[in-house]
Amino acid sequence: MPTIKILGADVTARGLLIVTLSAKPSPEWRRFFEQRWKNPAPRSSAFDPSIFDGWEDGLLSGGPGPVFKKKVEEFDRNYKSIVIAAVEHANREMKRFEDEQLEAAKADAAKEQSDAEELERERQKARAIKFP
C-alpha cells in the first residue's frame with residue numbers, strides 16, 4: 001500500500017469535519033490510525049477521543065478519510081497535530097506490517113520449495129528401487 005497523505009479537510013453533508021486522505025485506507029491502516037488516535041503522545045487534558053466518528057469512504061465527500069464531530073476552529077487548534085501523528089503512525093506501522101507479511105510469504109515459499117525438492121528426492125529414490 002502506498003503511503004497515505006493528508007490532502008486537506010472539508011465538512012460533510014452531515015456537518016462533520018472530514019480529513020481527506022490521498023487513498024482509501026485498508027482495514028489494517030485504519031486500525032493503526034485508531035490505535036494512535038486513542039493513545040496520542042503527548043496527550044493534553046482537553047483531548048477527547050470520542051470526537052472521532054468513523055470513516056468516510058469518499059463517495060459522499062471529497063475523498064476518503066476519518067470523520068470528526070468538532071467545529072473546524074477547535075479541530076485545527078486542538079486535534080490537527082494528533083491526526084497528523086496518527087497518519088504518520090499508521091503509515092509506519094503499515095510499512096512494518098507489510099514487510100512482515102512479505103517476509104512470512106518468502107519464508108512460506110522457501111519452505112514449500114524445500115518440501116517439493118525433498119519430495120522429488122524421495123520419488124527418485126522410490127523409482128530406483130528394483131523389484132525382481
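The values are calculated or read from the model by the stated rules, or taken from the named source; none is laboratory data. Just so you know, these numbers come straight off a predicted model, no measurement behind them. Every residue, glycine among them, receives a Cβ derived from its backbone with ideal geometry; neighbour counts consider all protein chains shown.
Residues satisfying the criterion are present in segment 48-62 (criterion: in contact (Cβ under 8 Å) with a residue 40 or more places away in the chain and in a strand (DSSP E or B)).
Which of the residues spanning segment 39-85 are among the hydroxyl-bearing types (Ser, Thr, Tyr), within 16 Å of Val11 (Cβ to Cβ) and modelled with pLDDT under 85? Correct list: Ser61 only.
You will find that of Lys95, Lys111, the residue that is in a helix (DSSP H, G or I) and over 21 Å from the mean Cα position of the chain (by Cα) is Lys111 and no other. So, of the residues in segment 14-47 that are assigned to a loop (DSSP other than H, G, I, E, B) and charged (D, E, K, R), which turns out to be nearest to Lys71 (Cα to Cα)? Once the filter is applied, the top-ranked residue is Arg14. Looking across segment 1-13, the residues that are part of a loop (DSSP other than H, G, I, E, B) and either under 18 Å from Glu74 (Cα atoms) or touching a strand residue (DSSP E or B) at 6+ places or on another chain (Cβ under 8 Å) (or both) come down to Ile4, Lys5, Thr12.
A single member of Glu28, Glu88, Glu74 is surrounded by 13 or more Cβ atoms within 10 Å (Cβ to Cβ) and touching a residue at least 40 places away in the same chain (Cβ under 8 Å), and it is Glu28.
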